[in-house]
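Below you'll find the structure, written out as structure tokens, and then a few comments.
None of the figures in this text is laboratory data; all of them are computed from the coordinates on show. All figures in this text were calculated on a predicted structure; none of them were measured in a lab. Every residue, glycine among them, receives a Cβ derived from its backbone with ideal geometry; neighbour counts consider all protein chains shown.
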Amino acid sequence: MKEKLEEIRKSALEVLEKAADMNALEEARIKFLGKKGEMTAAMKEMRNLSAEERPAIGALANEIRANIESHIEGKKAELAQKLEEMKLKAEVIDVTMPGRKQNIGKLHPLTKVMNNIKDTFIGMGFEIADGPEVELDYYNFEALNIPKNHPARDTQDTFYVTDNIVLRTQTSGMQVRVMEKQKPPIRIIAPGKVYRSDAVDATHSPVFHQIEGLVVDKGVTMADLKGTLEMFIHRLYGDETKVRFRPHHFPFTEPSAELDISCFRCGGKGCPMCKGEGWIEILGCGMVHPKVLANCGIDPEVYSGFAFGIGLERIAMGRYDINDLRLFFENDLRFLDQF
Ligand code: DAH
């Protein structure tokens with residue numbers, strides 16, 4: 001009997017030694033200590049022993065059972081630790097590995113220049129006015145003193161939604177929209193997209209951007225126009241830049257002018273940038289025509305004002321030395337990444 005018990009202990013410890021995972025361990029526990037296990041079977045045989053033998057063998061059996069149990073516990077702890085180590089190994093983070101590059105977007109060059117221009121005017125006390133790109137003929141032309149058969153319409157051919165609704169050709173219509181709603185003093189800029197039925201080439205696009213400006217108050221004169229625009233140009237191009245006003249015609253201003261600046265590339269000597277002229281045309285401007293004021297219910301005998309219109313693309317092309325307008329709209333990242 002004693003040999004038999006020792007035999008069970010030996011084979012149990014051997015099996016436990018080899019158990020590679022929790023399942024194997026549980027199988028071993030059932031095989032040796034389970035209800036139908038070898039130890040239980042051996043214990044049943046105790047009946048056949050004499051009363052003298054029984055206590056010693058009983059004690060031995062208890063000792064062996066405890067011995068096997070403690071081995072199972074020990075092995076369990078060992079396996080659990082191994083499992084934990086494997087997990088840690090699998091989840092290890094190599095902090096020396098190079099990071100993954102995050103591609104961060106940037107502002108479009110036109111947006112950058114637009115923000116710059118807005119900031120400059122906001123700094124001078126202007127507010128920003130926003131209006132529709134799909135516009136009534138009345139605001140785009142009629143109220144601006146450009147009646148149906150006016151030749152100025154030829155240079156601003158556009159896309160018609162109906163006979164009376166167009167894609168706006170200029171932001172100047174915002175002058176009228178603002179004056180209808182707001183009583184002087186008025187000091188606004190109206191930036192936005194405009195449309196013309198032009199074929200695409202290096203300097204033409206059917207969609208481009210303008211920034212309209214309008215100031216109306218009592219006693220506003222041409223001197224205010226000159227001072228404001230000169231200040232704007234100096235902020236944008238530097239104090240050394242010279243400004244000249246050249247007489248021009250716009251139906252909605254009288255008198256009207258175009259503003260040129262001394263070439264920012266050659267300083268006025270003449271170069272390919274300014275086509276040898278020394279000057280670069282930047283914007284149109286003038287004193288708001290009395291008829292336009294009257295169209296908006298503002299008494300031209302009491303109030304006067306000035307207006308101007310800036311082409312955003314032209315300014316951005318000059319600033320970034322870009323010679324083809326199409327680059328702004330093609331959304332080629334190789335181009336856009338450079339700003
Ligand atoms: N809207 C004109 C254009 O597209 C630009 C312009 C000229 C706007 C004179 C003005 C202005 O407000 O006074 O050619």
If the elastic network links every pair of Cα atoms under 10 Å, which of ASN295, ASN323, ASN103 fluctuates the most in the Gaussian network model of the chain?
ASN103
The chain - mean residue ellipticity at 222 nm from DSSP helices (-39,500 (n - 2.57) per run, n ≥ 4, rounded to 500):
-13000 deg cm²/dmol
Which residue fluctuates most in the GNM of the chain (Cα springs below 10 Å): PRO206, PRO300, PRO272?
PRO272
Can you give me the long-range amide H partners of THR169? Hydrogens built in the peptide plane at 1.01 Å from N, cutoff under 5 Å, separation of 5 or more residues or another chain.
TYR195
Net charge near LYS112: determine it from the other residues with C-beta under 12 Å of the C-beta of LYS112, scoring Lys and Arg +1 and Asp and Glu -1.
+2
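Kirkwood-based Rg over Rh for the chain (C-alpha set), two decimals?
On the way: Rg = 44.9 Å, Rh = 27.1 Å.
Here the Rg-to-Rh quotient is 1.66.
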Please build a GNM for the chain, connecting alpha carbons under 10 Å apart, and tell me which residue among MET174, MET43, MET287 fluctuates the most.
MET43
Excluding residues on the same chain fewer than 8 positions from LYS112, give the lysines whose Cα lies under 21 Å from its Cα.
LYS193
Considering only the other residues whose Cβ falls under 14 Å of the Cβ of ALA80, what net charge follows from Lys and Arg at +1 and Asp and Glu at -1?
-2
With the Cα gyration tensor of region 99-190 giving a ≥ b ≥ c as the square roots of its eigenvalues, does the rule (a/c under 1.5 for rounded; else a/b larger than b/c for prolate; else oblate) give rounded, prolate or oblate?
oblate
Near the amide H of ALA257, under 5 Å away, which other amide H atoms are found, from residues 5 or more places off or on another chain, if H is placed in the peptide plane?
HIS248, CYS285, GLY286
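Please state the relative contact order of the chain as a whole percent: Cα pairs under 8 Å, 6+ residues apart?
Working: 494 pairs, mean separation 47.7, N = 339.
That works out to 14 percent.
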So who's got an amide H within less than 5 Å of the one on HIS209, skipping anything under 5 residues away but keeping other chains? H placed 1.01 Å off N, in plane.
VAL194, LEU312, GLU313
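What does the extension gain come out to for ARG54 and LYS18, with contour length at 0.36 nm per residue minus their alpha carbon separation? Mind showing how you got there, number by number?
Details: separation 36, 0.36 × 36 = 12.96 nm, distance 3.28 nm.
In short, 9.7 nm is gained.
How big is the charge dipole of the chain about its Cα centre, in debye rounded to the nearest 20, if each Lys and Arg gets +1 on its Cβ and each Asp and Glu gets -1 on its Cβ?
Dipole magnitude for the chain comes out near 620 debye.
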Using θ = phi - 60° and the Karplus form 6.51 cos²θ - 1.76 cosθ + 1.60, what ³J(HN,Hα) does each residue of region 6-19 get, whole Hz, x for Gly and Pro?
5, 4, 4, 4, 4, 5, 4, 5, 5, 4, 4, 4, 8, 4
Of the chain, which part is the longest with no trypsin sites (Lys or Arg not before Pro) in a loop (DSSP not H, G, I, E, B) and with at most 12 other C-beta atoms within 10 angstrom?
149-217
